Amino acid sequence: MKFGGHETFPIREGWLHKGLKLLMERPDLLIDQYAADHLGVGRNMAKSIRHWLVATELATVDAPQKGTRIQSFRVTKLGQLIGNKDPYFLELGTWWALHSNLVINPDYAASWHWFFNYFNLNRFEKSVCFEAQKRYLEMSRQRMPSLKTLDRDLSCLLASYSVQIPPKQQDPEDASNCPFHELGILNHYKTSGYYEINRGIKNVPPHILGYVLSRTFEEAQTGEGAVDIPFQNMIQAIGGPSRILALADESLFELAQRAENELPTGEISITGLAGERILRVQRKSPIQWMEECYQSIAEITSYAS
């Protein structure tokens, strides 16, 4: 489990584009002593960009070669796909996929993994959230970072997602806001200090439901035909769509209905056995779902023009 690594910086607008572009064109420059200059950011920000590339699974890190401490970075299949299809990270589906990767990655984002999978309060103060995570780590006998590190990690997480209510006046030139704000997951009420998770229906592209299911349920990744997944499993599963996409039971059902209506016939469909809601999902790898997501966007764009 890893806490920190982001140098207290949430992802900023343009960071992943810069980092992924450099990684795809000159991976050696991402780790040399002038990486910050190549990326056009400060030194700590360059470290943060490298962290977020790996934490969101756009990149993977190779172990240092024998006799050295130098790690090398490689672009993943998802990183290659996004670099080709959405290099400027403009599509909402891209950010939902990166969010999904981040919050099931305790090796690089332990606080994110805990918050979305184990924290059960919808309305809370930061101090309550902090104590809940501390207690969880103590009870599960997992490695406890320093309290300062834990606090900074949680602050970074909340800053990554929370939208201030009432909204503050935005400078259109300000690129410091995290693009995860656009997902509509978390509100921060400035007057009271409370945070509130939005578990209502959100603008989640239907292919992302398939992507999350394929990542969560191994039986949905490989083989022929479709697999049946009970809604109850999708609601309860660690890393499942209810937790990862912050959806209440009926909101998840609404997303499934939209996926059934908007995707090609047989991709995702709702059925039932003895009164139990079942989702029938075509077996595909996560990368296949994202390929089809971008193909769908391209077709819509072509039709519109």
Residues of segment 126-162 being assigned to a helix (DSSP H, G or I), out of contact with any helix residue (DSSP H, G or I) (no Cβ under 7 Å at 6 or more places or on another chain) and either of a type in the set (A, V, I, L, M, F, W, C) or open to solvent by less than 20 Å² (accessible area, probe 1.4 Å) (or both), which ones? Val128, Ala132, Leu137, Met139, Leu147, Cys156, Ala159
Any idea which of (1) β-branched (Val, Ile, Thr); (2) surrounded by fewer than 16 Cβ atoms within 10 Å (Cβ to Cβ); (3) in contact with a helix residue (DSSP H, G or I) (Cβ under 8 Å, 6 or more places away or on another chain) is the one Val75 doesn't satisfy? (2)
Tally up the residues in segment 22-49 that are in contact with a Gly (Cβ under 7 Å, 6 or more places away or on another chain) and open to solvent by 40 Å² or more (accessible area, probe 1.4 Å), please. 1
For residues in segment 85-110 being within 13 Å of the chain's Cα centre (by Cα) and of a type in the set (Ser, Thr, Tyr), which is surrounded by the fewest Cβ atoms within 10 Å (Cβ to Cβ)? Tyr108
Thr191 fails exactly one of the following numbered conditions: (1) open to solvent by 80 Å² or more (accessible area, probe 1.4 Å); (2) in contact (Cβ under 8 Å) with a residue 24 or more places away in the chain; (3) of a type in the set (Ser, Thr, Tyr). What is the number of that condition? (2)
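Every residue, every condition in (1) modelled with pLDDT under 95; (2) closer than 24 Å to Ala110 by Cβ, yes or no:
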site: Gly4; (1), (2): yes, yes
site: Arg12; (1), (2): no, yes
site: Lys21; (1), (2): no, no
site: Met24; (1), (2): no, no
site: Tyr34; (1), (2): yes, no
site: Trp52; (1), (2): no, yes
Check Phe119, Phe73 and return the single one that is more than 17 Å from Phe9 (Cα to Cα) and modelled with pLDDT of 95 or more. Phe119
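Residue-by-condition table, conditions (1) in contact with a helix residue (DSSP H, G or I) (Cβ under 9 Å, 6 or more places away or on another chain); (2) at pLDDT 95 or above; (3) charged (D, E, K, R):
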position	(1), (2), (3)
His181	yes, yes, no
Arg199	yes, yes, yes
Lys202	yes, yes, yes
Arg215	yes, yes, yes
Val227	yes, yes, no
Ile235	yes, yes, no
Pro241	yes, yes, no
Ala248	yes, yes, no
Gln257	no, yes, no
Considering only residues of segment 238-281 that are in contact (Cβ under 8 Å) with a residue 60 or more places away in the chain and in contact with a Ser or Thr (Cβ under 9 Å, 6 or more places away or on another chain), which is farthest from Val212 (Cα to Cα)? Leu279
Being closer than 21 Å to Leu150 by Cβ and either free of Cβ contacts under 8 Å to residues at least 40 places away in the same chain or touching a Pro at 6+ places or on another chain (Cβ under 7 Å) (or both) is the filter here, so list the residues in segment 94-109 that pass it. none
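The values are calculated or read from the model by the stated rules, or taken from the named source; none is laboratory data. Since this is a predicted model, take the numbers as computed values, not measurements. Cβ atoms come from the backbone with ideal geometry, glycine included; neighbour counts cover every protein chain shown. Protein only, heavy atoms only, side chains kept; ligands, DNA and RNA dropped before computing areas. Shrake-Rupley method; radii C 1.70, N 1.55, O 1.52, S 1.80 Å.
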